[in-house]
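What follows is a single structure, written as structure tokens, with notes after it.
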Amino acid sequence: MAATRPVCILVAAMGGEGGGVLTGWLVGAAQREGYPVQSTSIPGVAQRTGATTYYIEIWPEKTDRRPVMCLNPMPGQVDVMIASEFVEAGRAIANGYVSPDRTLLIASTHRVYAVAEKSAMGDGRYDAGKLFRAAKDHAKQTILFDMDQAAKDAGSILNAVLLGALAGAGALPISPEAFEAGIRAEGKAVDSNLAGYRFGLAHGRGELEQRALRQAPKPNSGTVMTERIIRLPDAAQLFASEGVHRLVDYQDEAYARLYLDRLEKIAALGDDLLTAEVARHLALRMSFEDVIRVAQLKLKPERFAAIERETRIKPGQPYAVAEFLKPGIEEIAGLLPPVLARAILDFSGKRGWNKRLHLGMTVQSNRIGGYLKLRLMAGLRSWRPRSHRYAEEQDRIADWLDLITRAAKKDIALAREITECARLIKGYGDTFRRGADNFDMIRRRVILPALEGRILAAQAVDAVIQARTAALADPEGNSLANTLAAFENSLGRLPQAAE
């Protein structure tokens, strides 16, 4: 007969997600049921360089003798892997803690994006589809759903939902009622914890592979523009609807109508995929980030609600939100009329001030003084169309759309790749400047020569893809310059002068 072995449970949780409380519930329930149990924990180095891990071993037989159990998990020997966030599940799979012959993987599919993902020039998010496939291929059994949203819907916290999912799966010798009794005995947030626990319990018992990631609901675009959206290709309607909603919030309905005017001209080219991609990128480009937009976003009521929820602020409990702002000369001049702004930028540029001088300030946005400062900045929205930054961005957008239109008449694949170059332009300050410079370099050295017939469209498609990839990988532009030089050499021409 096979020797009795402990049930090995590994929990990976980021700070503030209650991994220690979850471990306490598991250990407490095992002790009350008379099963020998042991737990250890290893703190993570930082938020996303390594979660805090908790390792629990439960002896599945009731005995008065104390069995010898391990302090650390061993790859290939973990029976239950619990991850509070989806990339943490991927990290556990990569480290060998999830095995197809024995491991039950319980993971929340929500994401807390790493700094590297958020700071990437393009879309730096990890591919959730690959994580789902890896979970299916490497685990014996999976329970995957958005437990973070489930906890919010139940008015609970994530660890209670994780516990419920584990109890419902029946992987432990402990009854679900024992866990529920433990939550009651603890006496802390009993009702909300039980609500989350029961939600997870239902999933663990019957819905073991819910793979649908949350999708943002289709926004109400407004009756005035709904008919125009419906006339667009089906593939573009969701993006267009969201774009209208975003731009009304960003500026006004007239600005959203300008978005649809531009999009309808692209739709007239007859390529549904191109229209859908332009709908997505155009909405982002037209809602460019400036000082006004930053103030708008910081004052949104849902932002304060999210802060209160994430930091578990109790009703009536005082708290402070400190906003650290550091606008430079370019951001401040961008709010001025174009003639005045250009004069200031030329003057400061000759003295090397544009990149060196910044106005640092700390504003408490939930205090009357700080709130009024941000409200004053956000109130400049009506002035925005007369600002230098607005005029500059509209010229850039018009040029980008013109390149797409001209390319579509030559080669639709080239038009699509020019559309994707919008990924280079994001943020503000130095991030925006580097992205815009990289796009201008690709425009001058690949796109315009192709449109003017100096290089073949097929050659330009490959060159734009390679150049865009290089620019996204290296925002400083060194990799892009080398890629463009190699492309020009392959055409038998001398590379242009250094940019």
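For region 151-160, name all the residues that are more than 18 Å from residue 56 (Cα to Cα) and part of a helix (DSSP H, G or I).
Passing the criteria: 151, 152, 153, 154, 158.
Tell me which of these residue 113 doesn't satisfy, since it passes every other one: (1) surrounded by fewer than 22 Cβ atoms within 10 Å (Cβ to Cβ); (2) of a type outside the set (S, T, N, Q); (3) at pLDDT 90 or above; (4) farther than 16 Å from residue 172 by Cα.
Condition (3) is where residue 113 drops out.
Among the numbered criteria (1) in contact with an Asp or Glu (Cβ under 8 Å, 6 or more places away or on another chain); (2) modelled with pLDDT under 90; (3) of a type in the set (A, V, I, L, M, F, W, C), which one does residue 465 miss?
(2)
Here is a list: 236, 279. Which entry is crowded, with 22+ Cβ neighbours inside 10 Å and modelled with pLDDT of 95 or more?
279
Out of (1) open to solvent by 20 Å² or more (accessible area, probe 1.4 Å); (2) under 19 Å from residue 124 (Cβ atoms), the odd one out for residue 435 is which?
Status for residue 435: all satisfied but (1).
Regarding residue 356, is this residue under 20 Å from residue 429 (Cβ atoms) and outside any helix (DSSP H, G or I)?
yes
Looking at region 445-461, which of its residues are in contact (Cβ under 8 Å) with a residue 24 or more places away in the chain, under 17 Å from residue 486 (Cα atoms) and assigned to a helix (DSSP H, G or I)?
Listed by number, the residues that qualify are 445, 446, 447, 450, 458, 459, 460, 461.
In region 323-339, which residues are more than 12 Å from residue 390 (Cβ to Cβ) and modelled with pLDDT of 90 or more?
Of everything in region 323-339, just one residue is more than 12 Å from residue 390 (Cβ to Cβ) and modelled with pLDDT of 90 or more, namely 339.
Looking at region 359-375 only, could you name the residues that are open to solvent by 40 Å² or more (accessible area, probe 1.4 Å), touching a residue at least 12 places away in the same chain (Cβ under 8 Å) and assigned to a helix (DSSP H, G or I)?
Passing the criteria: 371, 375.
Got at least one residue in region 72-85 being within 24 Å of the chain's Cα centre (by Cα), surrounded by 21 or more Cβ atoms within 10 Å (Cβ to Cβ) and acidic (Asp, Glu)?
yes
Go through region 254-276 and give me each residue that's open to solvent by less than 40 Å² (accessible area, probe 1.4 Å), within 30 Å of residue 411 (Cβ to Cβ) and assigned to a helix (DSSP H, G or I).
259, 260, 262, 263, 266, 267, 274, 275, 276
For region 462-487, how many residues are hydrophobic (A, V, I, L, M, F, W, C), in contact (Cβ under 8 Å) with a residue 24 or more places away in the chain and closer than 19 Å to residue 414 by Cβ?
9
Report, by residue number, each residue of region 239-253 that is within 18 Å of residue 294 (Cβ to Cβ) and outside any loop (DSSP other than H, G, I, E, B).
246, 247, 249, 250
Residues of region 356-370 being in contact with a Leu (Cβ under 7 Å, 6 or more places away or on another chain) and not β-branched (Val, Ile, Thr), which ones?
Those that are in contact with a Leu (Cβ under 7 Å, 6 or more places away or on another chain) and not β-branched (Val, Ile, Thr): 361, 365.
Scanning for something under 23 Å from the mean Cα position of the chain (by Cα), modelled with pLDDT of 90 or more, within 30 Å of residue 183 (Cα to Cα) and open to solvent by less than 20 Å² (accessible area, probe 1.4 Å), does region 91-98 turn up at least one residue?
Yes: one or more hits.
Which condition number does residue 462 fail, the rest of (1) within 22 Å of residue 289 (Cα to Cα); (2) surrounded by fewer than 23 Cβ atoms within 10 Å (Cβ to Cβ) being met?
Evaluating residue 462 over (1) within 22 Å of residue 289 (Cα to Cα); (2) surrounded by fewer than 23 Cβ atoms within 10 Å (Cβ to Cβ) leaves (1) as the failure.
Among the residues of region 405-414, is there at least one that is open to solvent by less than 40 Å² (accessible area, probe 1.4 Å) and under 27 Å from the mean Cα position of the chain (by Cα)?
No; the residues of region 405-414 include none that is open to solvent by less than 40 Å² (accessible area, probe 1.4 Å) and under 27 Å from the mean Cα position of the chain (by Cα).
Return yes when residue 288 is closer than 30 Å to residue 413 by Cβ, in a loop (DSSP other than H, G, I, E, B) and aromatic (Phe, Trp, Tyr) and no when it is not.
yes
Taking the condition on the phi < 0 side of the Ramachandran plot, without any contact (Cβ under 8 Å) to a residue 60 or more places away in the chain and touching a helix residue (DSSP H, G or I) at 6+ places or on another chain (Cβ under 6 Å), does residue 268 pass?
no
In region 26-87, which strands (runs of 3 or more DSSP E) lie fully inside it and hold 1 or more residues that are farther than 18 Å from residue 176 by Cβ, modelled with pLDDT under 90 and in contact with a Pro (Cβ under 7 Å, 6 or more places away or on another chain)?
52-58
The values are calculated or read from the model by the stated rules, or taken from the named source; none is laboratory data. Nothing here was measured: the structure is a model prediction, and the numbers come from that model. We place every Cβ from the backbone using ideal geometry, glycine too, and count neighbours over all the protein chains shown. When the accessible area is computed, the model is the full protein with side chains, heavy atoms only, and any ligands, DNA or RNA have been set aside. Shrake-Rupley method; radii C 1.70, N 1.55, O 1.52, S 1.80 Å.
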